[in-house]
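Presented below is the structure to which this report refers.
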Amino acid sequence: MEFIDLKAQQKRIKTQIDARMSKVLEHGQYIMGPEVRELETKLASYVNAQYCIGCASGTNALELVFAAWGIGKGDAVFTTPLSFIATGETIAKTGAIPIFVDIDPLSFNMDTSRLEDAILAVKKRDRSQHPLPAQAVEQQLHPRVIVAVDLFGNPPDYDSLLSVAQRHNLLVLEDGAQAFGGAYKTRPLCNCGCHAATTSFFPAKPLGCYGDGGAVFTNDSSLASLVDSLRYHGRINAQNKNENIRLGGNGRIDTLQAAILLAKLEIFSDEVGLRQHVAEGYAQRFARRAIPDLLLPTVADTCRSSWAQYTVQLPQKIDRTRVMKLMKDKGIPTFINYPLGMHTQGCFSYLGYTPHDFPVVQAVCQRVLSLPMHPYLSSGDQDSIAETLIQACGVSND
Ligand SMILES: *Cc1c(COP(=O)(O)O)cnc(C)c1O
């Protein structure tokens, strides 16, 4: 059994992928070939955004937006401590100070009711109001950006997050690396009211290519043209490749990856539907034979997760290592997303956070376990995953 079965998907669309790739080999425009524009147009329309700019990875997409907004030294950027490391890493590499805000224990996302306190604490350089790194006490940082993460494909409470942002005049960047295909109320993720959104096409993401890739989404035309320039060495425009008016870099997506994504996009809506079905299948199986104190992932009624991960929280008294081993012995791969809150990662030790600064993340990290999740997970495999987990947690057959 695979944790994410990319082979089943490939089997389904092999002909289309081969055709798309052959076409690229025929025209030979490997960099910024016509597939890149076609992909950008289709992705933008998928989420009703005005602009989509393909780029080198989800990490690169975050870097490009921060660069375009001129984020750097002296700035404070607010985000969740529970995310893939790239979220915090890209903030810190600009020179800005990441200010973490603890999560809601059920949605895994930033607890937006704590966000305003964090902003006020930075403004007042007051650690008693919210845990702050020394850098935010010693100097007056300027609150600039909130990076909202749709963790595991599930959106945070954007209504409240965006209203806090508006009150404090902050930019909001949606890190939708795991979220393409999801929705917040009536709005598609990657275009749900933030100033910009990013996504990743890392192979294991809901919409993945066969290498690295990412994209920036926005409805802001000047941001779009800045990002477009920055990903291509700061060129003035597509017609004048060698006229460079700003320092950029190489942040392009390959034509071949764009071609692969175009083939995958054809079946993507269907796959998002299949993921919903798999998630419901897990919920039903665990409802039938309840494990006391097992927490299932929750998605608000009005929202749709893209189900990048199906992450449960094991009962508090259960030894996770033992559960993982029992499942592995039955051929069931599991994963921990994530074992550490970013505030306790070595790369952020210079910020001086302590583990108990964010107690909810701290507790959640001890309990999380991600189960296999992909559109092609069979009902039989789901039966055996649920049954094995139920047994591993010591619930007897009755
Ligand atoms: C995967 C991921 C990224 C980085 O994407 P890459 O394409 O691997 O660079 C950033 N943020 C989150 C939340 C992610 O899950």
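Mind counting the residues in the range 293-308 that are open to solvent by less than 30 Å² (accessible area, probe 1.4 Å), over 17 Å from V272 (Cα atoms) and either among the hydroxyl-bearing types (S, T, Y) or not in a loop (DSSP other than H, G, I, E, B) (or both)? Qualifying residue count for the region: 0. Scanning the range 335-388 for residues that are β-branched (V, I, T), open to solvent by less than 20 Å² (accessible area, probe 1.4 Å) and over 14 Å from P98 (Cβ atoms) turns up V364, V368, I385, T388. Considering the range 54-63, the residues that are of a type outside the set (G, A, S) and open to solvent by 10 Å² or more (accessible area, probe 1.4 Å) include one that is nearest to the ligand (Cβ to nearest atom), namely T59. Q313 falls short on exactly one of the conditions (1) at pLDDT 95 or above; (2) open to solvent by 70 Å² or more (accessible area, probe 1.4 Å), and that condition is (2). Counting only residues that are β-branched (V, I, T) and in contact with a helix residue (DSSP H, G or I) (Cβ under 7 Å, 6 or more places away or on another chain), the range 237-277 holds 4 of them. Residue count for the range 283-305 under the criterion of being among the hydroxyl-bearing types (S, T, Y) and touching a Leu at 6+ places or on another chain (Cβ under 7 Å): the result is 1.
Scanning the range 243-267 for residues that are of a type outside the set (A, V, I, L, M) and buried (at least 19 other Cβ atoms within 10 Å of the Cβ) yields G248, G251, R252, D254, T255, Q257, K264. All conditions in (1) open to solvent by 20 Å² or more (accessible area, probe 1.4 Å); (2) among the β-branched types (V, I, T); (3) at pLDDT 95 or above hold for I236, with the sole exception of (3). Within the range 9-30, is there a residue that is crowded, with 18+ Cβ neighbours inside 10 Å, of a type in the set (A, V, I, L, M) and closer than 22 Å to N250 by Cβ? Yes, that holds for at least one residue. Within the range 168-182, is even one residue open to solvent by 40 Å² or more (accessible area, probe 1.4 Å) and without any contact (Cβ under 8 Å) to a residue 24 or more places away in the chain? Looking through the range 168-182, at least one residue is open to solvent by 40 Å² or more (accessible area, probe 1.4 Å) and without any contact (Cβ under 8 Å) to a residue 24 or more places away in the chain. Comparison of N250, N219, N237 shows that the only residue that is more than 19 Å from I4 (Cβ to Cβ), over 17 Å from the mean Cα position of the chain (by Cα) and without any contact (Cβ under 8 Å) to a residue 40 or more places away in the chain is N237.
Restricting attention to the range 4-53, which residues are part of a helix (DSSP H, G or I) and either of a type in the set (S, T, N, Q) or within 16 Å of the ligand (Cβ to nearest atom) (or both)? Within the range 4-53, L6, Q9, Q10, T15, Q16, S22, L39, T41, L43, S45 meet the criteria.
Of the residues making up the range 194-207, those that are under 13 Å from G176 (Cα atoms) and either near the ligand (Cβ under 10 Å from one of its atoms) or touching a Cys at 6+ places or on another chain (Cβ under 7 Å) (or both) are A197, T198, T199, S200, F201, F202, K205. Of the strands (runs of 3 or more DSSP E) contained entirely in the range 86-185, those carrying at least 1 residues that are within 16 Å of the ligand (Cβ to nearest atom) and aliphatic (A, V, I, L, M) fall at 142-149, 171-175. When each of V278, V227, V216 is tested for being part of a strand (DSSP E or B) and either away from the ligand (no atom under 16 Å from the Cβ) or within 19 Å of G176 (Cα to Cα) (or both), the lone residue that passes is V216.
The values are calculated or read from the model by the stated rules, or taken from the named source; none is laboratory data. Treat the numbers as computed from the prediction; the structure is a model and nothing was measured. Note that each Cβ is placed from the backbone with ideal geometry, even for glycine, and that neighbours are counted across all protein chains shown. All accessible areas refer to the heavy atoms of the entire protein, side chains included, with ligands and DNA or RNA removed. Shrake-Rupley method; radii C 1.70, N 1.55, O 1.52, S 1.80 Å.
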